[in-house]
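The values are calculated or read from the model by the stated rules, or taken from the named source; none is laboratory data. Everything numeric here is computed off the predicted structure, so don't read it as measured data. Cβ atoms come from the backbone with ideal geometry, glycine included; neighbour counts cover every protein chain shown. Accessible surface is based on the protein model in full, side chains and every heavy atom, while ligands, DNA and RNA are left aside. Shrake-Rupley method; radii C 1.70, N 1.55, O 1.52, S 1.80 Å.
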Amino acid sequence: MSINEEQDAVNLERYLLFRSELETALRGWERHTRMNFEHLVSLDARRYPSGGTCDTALAHVWFRAQTKDCYGSLQGQANANGENEFDPSFGSPQNPDGSDRILCIDWKILAAGQQQVPYFAGHESGHILGLEHEHARWDQEAALKDHCREDNYPFEPISPDRALTPADPWSVMGYGECEGSEGLRSTLRIGPDDRLGAYYTFNWSDRRVRDMAPQVGGVAQRRWAGDERSGILWYLTRPDRLLEWRFDADQPGQLNFETIERCLGDSPCVWSDDSGGHWHPIMGRFSGSAHGLDVFMYAPDERPDILLRNQSQESSDAFERVDTPAPDRAIPIVGNFVVASGRDEILWYRPGSLSDHLWSFDEAGQHFTLELDVDQSDYRIPIPGHFRSRTHATDIIWFKPSDATLDTWIFEPGAVFKGVGSAELLGVEPGVEYLPLVGNFDGDNRTDMFWYAPGLDADYLWLSDSNPAAILWDSYQFAVDGEYHPIVGDFDADGDDDILWYRPAGELAGGLSWLWRFDGAEIEPSALQIVGDYVPYAEDFDNDGCTDILWYDPVAPNNPSPLWRCNPQDLTFSCEQPIVAPKASYPVGVNGRGY
Amino acid sequence: MRAITPFLVILVTAACGARQAGGSEDLEQDGMSLAEPDWSSCVEKGEVETCAQACELEGMECVANGCPADPEFCDPEPCDMATQLLGLNEPLLCGDEPAGGWVASSCDAPIEWLLSSRLRCCCAQPN
């Protein structure tokens, strides 16, 4: 058999277009969620654009991207979503003939509608996240196209409890030809409110351990053992379990850890009443010590919410279960807002409503609601930090991406003081995609922010120059071109935070990664190459003040994950033997993209 | 990644055209001598747009850069006398020993509130 070179070149061009736009869209979603999509390039067969050899019956394949079987007149389609994540009728090693989870962009779009490919890549991958059609939020009675009436007809207004964001005419999840939606398929892209909805769904705040002052009992590590040893608490789902990797306290040589099953009191260590994969484990110092963090298992729906109270300082590795029904459909924000003891509170933020609550906990893990005005009715990204100083209560800056406005709250005993302003004066522009990275980049113990704009837009470093009465910033412009996964840590043990700009080299847009070591507003860059597509977990495992990285790979057979150990003396990382991580798990408190 | 070129863009509460000021000549405006200037009482965001208006609310006159400032938190740098004092923490800003962000500016400079919600201005009683 011979290859028709002309047809082969066409196939290659279309393969690259499909791949490039889908990778771009998925990176866009990844940046605002805790998700990581890994493109298994070795399974691609670009000469077979209908789907190649990628088989959803393989254990490590979640969905397949293809050009055939966009059913009927559909130009794009996705049938993979949260509802069928655990559906046994779909393909798996146990059911190799099961249905396929697919994302489809029709061949004719790749041939004659290439300007629309970014829209379909963003829209169909949005369905994979679980996002619904945005035009369903408007009555389609008068719509000219029948397909506008597929979702919510006869029209019923979307309940505020189901709405993630305000109705968005420019959402990539809308059909521009339908009532309410605007724009064209050649121009619509993942927008600010799309990203906000993804953030609300898949991100949740944890205690920012690196943002706590030692003077008030802060510890810059995630510790679960009740002492000086740092660790990783793995959350394994279905059935639910917690496994701790407890690292030795002093490790001049090889990095050693022991694995400890963290059970619930006298209950079996495998929990029988899991929430069906709905739990968000929220890490915080709610009841006790920063050396033995608690976990709040929050189910955003009606399933049970429980506080797992860490008893390690009481010489027990078992967590105590405290049933704690929490508000549904809320975004938990963890910070030390009020209590001088150093313990954390949870602010239950319900975007778009006026029913937010601030909870504090006592030593037994019992919660009580604080009588403070903490209602935030707008749709915003909460950025907790110690912008005034780490010896003050946690402040919150509420950022609205669509108009770049900021609400600022500072907490003082018995009061919340609120201000409203615009980030534009400091360079941050409305509608531009930003990741507000939080860290102490100049080492002055006040939280700073790096406004990273993926792509070509300007980036800004805001160094806090605040005092107890006012939040003030010095702004510096940077140019970070390209799309990176930023990791904040102290990679040279000099007491201030640095940024590792990680870029998986295997993607079309891949390339070098960069490490920025900060010295005030100056940076010293150095290049790194990281070939794999990993979930990085940054932590100082060996207590030398220098942040190490576990490059967690949940996809590779047996899950071997490389571990980079930071060497502060010679400003390098050393590669330890890869560690086999638990299957179908993730670390509690794993960072999102730094915000 | 192209070259990284950090540079100072804007200082938070910088007011364009502000001048460093201090000294007795500031106590004379339009040929009128003024009593010793002091910080006004606090006004809320939205009540005024300039310090001239804030002082007028109290029957006073604004004194440009006539009140002492903490140089560490005074913009544009360097400055140790200011016209505006902005903040969020009401007890600290509005108390006897005020703290916040100081701005050296003219009396007619628009207030750049940014993250602040309350303001004091440097005012004096006209003689």
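With the requirement that a residue be of a type in the set (Gly, Ala, Ser) and in contact with a Pro (Cβ under 7 Å, 6 or more places away or on another chain), what does the stretch A:549-580 give you?
A:SER561
I'd like the full set of residues that are crowded, with 20+ Cβ neighbours inside 10 Å, part of a loop (DSSP other than H, G, I, E, B) and more than 17 Å from the chain's Cα centre (by Cα), limited to the stretch A:517-537.
A:ILE530
Closer than 25 Å to A:PHE296 by Cβ and either of a type in the set (A, V, I, L, M) or part of a strand (DSSP E or B) (or both): is that true of A:PHE368 in this structure?
Values: closer than 25 Å to A:PHE296 by Cβ: yes; either of a type in the set (A, V, I, L, M) or part of a strand (DSSP E or B) (or both): yes.
Yes, satisfied.
Can you name every residue in the stretch A:454-477 that is surrounded by fewer than 20 Cβ atoms within 10 Å (Cβ to Cβ) and of a type outside the set (D, E, K, R)?
A:GLY455, A:LEU456, A:ALA458, A:PRO468, A:GLN477, listed by residue number.
Which of the strands (runs of 3 or more DSSP E) contained wholly in the stretch B:42-124 include at least 1 residues that are surrounded by fewer than 24 Cβ atoms within 10 Å (Cβ to Cβ)? Give the steps one after another, and end with the answer.
Values: elements: B:84-87, B:101-103, B:118-124.
Strands (runs of 3 or more DSSP E) meeting the threshold: B:118-124.
For the stretch A:401-416, give me each residue that is open to solvent by less than 20 Å² (accessible area, probe 1.4 Å) and touching a Lys or Arg at 6+ places or on another chain (Cβ under 9 Å).
Selection gives A:PRO401, A:LEU406, A:THR408, A:TRP409, A:ILE410.
Count, please, the residues in the stretch A:478-502 that happen to be touching an Asp or Glu at 6+ places or on another chain (Cβ under 7 Å) and open to solvent by 20 Å² or more (accessible area, probe 1.4 Å).
Residues in the stretch A:478-502 being touching an Asp or Glu at 6+ places or on another chain (Cβ under 7 Å) and open to solvent by 20 Å² or more (accessible area, probe 1.4 Å): 3 in total.
Quick check on this structure: which one of A:ASP540, A:ASP544, A:ASP553 is of a type in the set (Asp, Glu), closer than 27 Å to A:THR447 by Cα, away from chain B (no Cβ under 14 Å) and within 22 Å of the chain's Cα centre (by Cα)?
Just one listed residue meets the conditions, A:ASP540.
Do you know which residues across the stretch A:499-516 are at the interface with chain B (Cβ under 9 Å from one of its Cβ atoms) and not in a loop (DSSP other than H, G, I, E, B)?
A:TRP501, A:TRP514, A:TRP516, listed by residue number.
Given the options A:GLU132, A:GLU124, A:GLU179, name the one that is modelled with pLDDT of 95 or more, assigned to a loop (DSSP other than H, G, I, E, B) and of a type outside the set (Gly, Ala, Ser).
Result of the check over A:GLU132, A:GLU124, A:GLU179: A:GLU179.
Residues checked against (1) in a loop (DSSP other than H, G, I, E, B); (2) buried (at least 20 other Cβ atoms within 10 Å of the Cβ); (3) within 14 Å of chain B (Cβ to nearest Cβ); (4) in contact (Cβ under 8 Å) with a residue 24 or more places away in the chain:
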position: A:PRO325; (1), (2), (3), (4): yes, no, no, no
position: A:ARG329; (1), (2), (3), (4): yes, no, no, yes
position: A:VAL334; (1), (2), (3), (4): no, yes, no, yes
position: A:LEU347; (1), (2), (3), (4): no, yes, no, yes
position: A:SER353; (1), (2), (3), (4): yes, no, no, yes
position: A:LEU358; (1), (2), (3), (4): no, yes, no, no
position: A:ALA364; (1), (2), (3), (4): yes, no, no, yes
position: A:ARG390; (1), (2), (3), (4): yes, yes, no, yes
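Please determine, by comparing only the residues of the stretch A:425-455 that are facing chain B (nearest Cβ under 10 Å) and outside any loop (DSSP other than H, G, I, E, B), which one is farthest from the chain's Cα centre (by Cα).
Selected residue: A:LEU425.
Those residues that are touching a residue at least 60 places away in the same chain (Cβ under 8 Å), within 7 Å of another protein chain (Cβ to nearest Cβ) and not in a strand (DSSP E or B), I need them from the stretch A:465-498; list them, please.
Within the stretch A:465-498, A:PRO468, A:ILE471 qualify.
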